[in-house]
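The block underneath contains the structure these notes are about, expressed in structure tokens.
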Amino acid sequence: MTKEEIFASVKEVVVEELDLDEDQVTLDAKIKEDLDADSLDVFEIMNELEDKFDIQLDVDENVQTIGDVVDFVKKQMDEQA
């Protein structure tokens with residue numbers, strides 16, 4: 001799966017979980033500051049992504065932006081391949 005495909009899926013989850021417009025969710029968007037997500041929101045997004053990609057995500061990772069999430073998902077998927 002390419003980074004672009006992962007980003008599209010991550011964006012879909014974040015838009016749904018945070019009730020945002022798609023144009024607000026960019027690779028540079030900071031999850032807590034720019035998208036106004038709280039800790040519970042982040043937890044729910046990570047759970048949804050774990051189910052969607054069948055991977056384990058560690059919420060303690062230094063994940064601040066949507067781009068960080070995409071990179072982390074890609075890394076996890078590459079390690080499982």
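The values are calculated or read from the model by the stated rules, or taken from the named source; none is laboratory data. Keep in mind it's a predicted model, so treat the numbers as computed, not measured. We place every Cβ from the backbone using ideal geometry, glycine too, and count neighbours over all the protein chains shown. Surface accessibility is based on the protein's heavy atoms, side chains included, excluding ligands, DNA and RNA. Shrake-Rupley method; radii C 1.70, N 1.55, O 1.52, S 1.80 Å.
Once neighbouring chains are kept in place and the probe is 1.4 Å, which whole percent of the accessible area of the chain is contributed by carbon and sulfur?
Percent of accessible area from carbon and sulfur atoms in the chain: 41.
What's the tally of Lys pairs in the chain whose alpha-carbon atoms lie under 18 angstrom apart, where the two lysines are 8 or more places apart or on different chains?
12
Quick one: accessible area per residue over the chain, 1.4 Å probe, rounded to a whole number of Å²?
64
Over segment 3-80, what is the relative contact order in percent, taking alpha-carbon pairs closer than 8 angstrom and at least six residues apart?
37
Test of understanding: express the Cα radius of gyration of the chain as a ratio to 2.2 N^0.38 Å, with N the residue count.
After normalising by residue count via 2.2 N^0.38 Å, the value is 0.98.
Can you list residues whose amide H is under 5 Å from Leu35's amide H, if they're 5+ apart or on another chain and H is modeled 1.01 Å from N?
Lys30
Modelling each spin label as a point 7 Å along the Cα-to-Cβ direction, I'd like the Asp41/Glu5 distance in nm, to one decimal.
Simple spin-label model gives 2.9 nm for this pair.
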